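Heads up: the structure comes next, in structure tokens.
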Amino acid sequence: MRHYFALFILTIILAFSSCRTDFDTVVSSGDLKFSKDTVYLDTVFKNIGSSTYQLMVYNKSKNDISIPVVQLKKGLNSKYRMTVDGMSGNQGKIFNNVTLLAKDSLYIFIETTADITDADPTDFLYTDEIEFDSGANLQEVALVTLIQDAVFLYPKQNSDGSKEKIKIDGKDVDGFYLDENDAVNGNELVFTKNKPYVIYGYAGVLANKTVSFEAGSKVYFHSNSGLYVAPNASLQINGAVSTTEKLENEVVFEGDRLESLYEDIPGQWSSVILANGSTNHTVNHLTLKNATIGLDIKSPNNTIQIKNTQLYNCAQYGILAQNAQIIGENIVINYAGLASLSCVYGGNYSFTHCTFNNNWQSNSPVAVNLSNSLAGATPEANNLTQATFNNCIIYGSNTNELNLSKNTNAQFVYQLNNCLLKFSSSSTNPDYQFKTDAVHYNQIILNENPKFYNVSENKFNIDKTSAAFAKGNQTYIIPLDIIGKTRTSPPDLGAYQSADFPK
């Protein structure tokens, strides 16, 4: 009986629906409203498709209307393409008789793929307009995209369709070796500021070769891409102090999605790997963002100097060092899924005037992790001959921002001098007795707020109200801070000398 009743109700609904007249439309009168009058598509590289952007169109009237035409002003020649309420139209360029119900809206989704030659040569902008109707009823929404020219580096395709491979840690990965005599790009081992570089796969540096990055060079890595410096090869990053937030003199490594949505998303690309046996590395004024592991250092027999360097939003580690030798000055690391700085399987480390912070939203990450062992290694334990932190800040959003993991079968030598540290003061573990263990800890400021200017924006400047103000030891001073400001005596802790915050 219930089945008959349901069938009866359905019949009534269909009967009423067939009598509706509100699908009768009138021609649009040019009174459409839009969610924006200009759609700015974020910067894209030449011939690389953009993300999809949204425009909403509103019919505020009481009538169902028909828009005679919705089209790109440049027609079928436009480098933009659209879908209108799920319809693809004529090649995504022209749509006829688009219906929009009373008091309703429709979605337009817009993308572009354009070459640098399509853009205005004076400002590199590619523009068009979406036209709604024509004549007296014409309404327009502007479209604007900045097209950036670039040098594209990528693996070659083999005759069987597979991609060129290189071997990293015994595994074949999509990649290629940089060629100093490339027929198209010239010397690929020297990165300049003339154009940005976009890397697909791993760019490798062969033994006895050096890859160098000049001040102002910008490198954008595609998903699952990175830089691999092979045994006996070298890395030289030669950035310089910048005077604006554009980081015009920094060397910048980040993902190749330039849209604002991707600005702070971790894990967009893989890593910079310094292989075991690689040599003669220097890193100065590098800004690295949104990798899985920022610097993956596996070179035990050669000291690497890392100075004036910032690493942000890495899915696992900002710096992961395995039995490495590092001299670090004016380093800032923030937001890492496991640890901002992780030194494992021993090694030899000295960090001065560094800010190791971790505001990753989870209970497990720390700012600094030290260990003299590595699961699966032979032997499992290895000597940590030195891990010294002078005039540093080790802080973050969790209760304990320092982790020490000792294996008694190897040395574990460490010392913190004049550092601000966040760690539970109630710990009874003998390794964390910051006030009474003079062998490992001297002049520790415990659990006081450094009052960074803006952690969420990775701005770790401090002012005179900070607990780190003038608490450094002159013995360890680095004369200039990370942005080239002269340190006073006694110096502040961390990578930044104090200043008045901008208003």
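Per-structure values
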quantity	calculated
Overall Cα dimensions of the stretch 115-171 - principal axes, largest extent first, Å	67, 27, 23
Value at 222 nm in deg cm²/dmol, rounded to 500, when DSSP H runs of n ≥ 4 in the chain each add -39,500 (n - 2.57)	-1000 deg cm²/dmol
Unit charges at the beta carbon, dipole of the stretch 109-255: most positive-side option, GLY175, LEU125, ILE199	GLY175
Long-range HN-HN contacts of ASN473 with modeled amide H, under 5 Å	ASN391
Kirkwood hydrodynamic radius of the stretch 181-288, Cα pairs, Å	14.3
Two-decimal Rg to Rh for the stretch 107-253 - Kirkwood Rh, Cα set	1.11
Over the stretch 182-228 - Rg/Rh using Cα atoms and the Kirkwood inverse-distance radius	0.94
Size of charge dipole - the chain - debye, nearest 20, with Cβ of Lys, Arg +1 and Asp, Glu -1, no other charges	980
Projected-area average for the stretch 403-463 over all orientations - Cα convex hull basis, square nanometres	5.6
Ellipsoid semi-axes in whole angstrom, largest first, where each is sqrt(5λ) of the Cα gyration tensor of the chain	53, 29, 24
Hull shadow area, averaged, the stretch 65-109 [alpha-carbon convex hull, nm²]	3.0
Rg ratio (alpha-carbon, reference 2.2 N^0.38 Å) - the stretch 366-503	1.15
The stretch 229-333: equivalent-ellipsoid semi-axes (sqrt of 5 x gyration tensor eigenvalues, Cα, Å)	23, 16, 11
Cα principal axis extents for the stretch 391-430, largest first, Å	32, 23, 15
Kirkwood Rh (inverse of mean 1/r, distinct Cα pairs), the stretch 446-503, angstrom	11.6
Where the stretch 44-142 is the region considered: accessible area per residue in Å², 1.4 Å probe	48
Rounded tilt (10° steps) of 2-18 against the dominant C-alpha axis of the chain	70
Two-decimal ratio, the stretch 304-368, of alpha-carbon radius of gyration to 2.2 N^0.38 Å	1.03
Segment THR244-THR399, length gained on full extension (0.36 nm per residue, minus Cα span)	52.3 nm
Convex hull volume per residue in cubic angstrom - Cα atoms of the stretch 330-403	79
The stretch 50-171 pair-distance distribution - Cα-Cα, 5 Å bins, rounded %	2, 9, 16, 18, 13, 10, 9, 7, 5, 4, 3, 2, 1, 0
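The values are calculated or read from the model by the stated rules, or taken from the named source; none is laboratory data. The model shown is predicted, which means the values in this text are computed figures rather than measured ones. All Cβ positions, glycine included, derive from the backbone under ideal geometry; neighbour counts span all protein chains shown. Heavy atoms of the whole protein, side chains included, go into the accessibility calculation; ligands, DNA and RNA do not. Shrake-Rupley method; radii C 1.70, N 1.55, O 1.52, S 1.80 Å.
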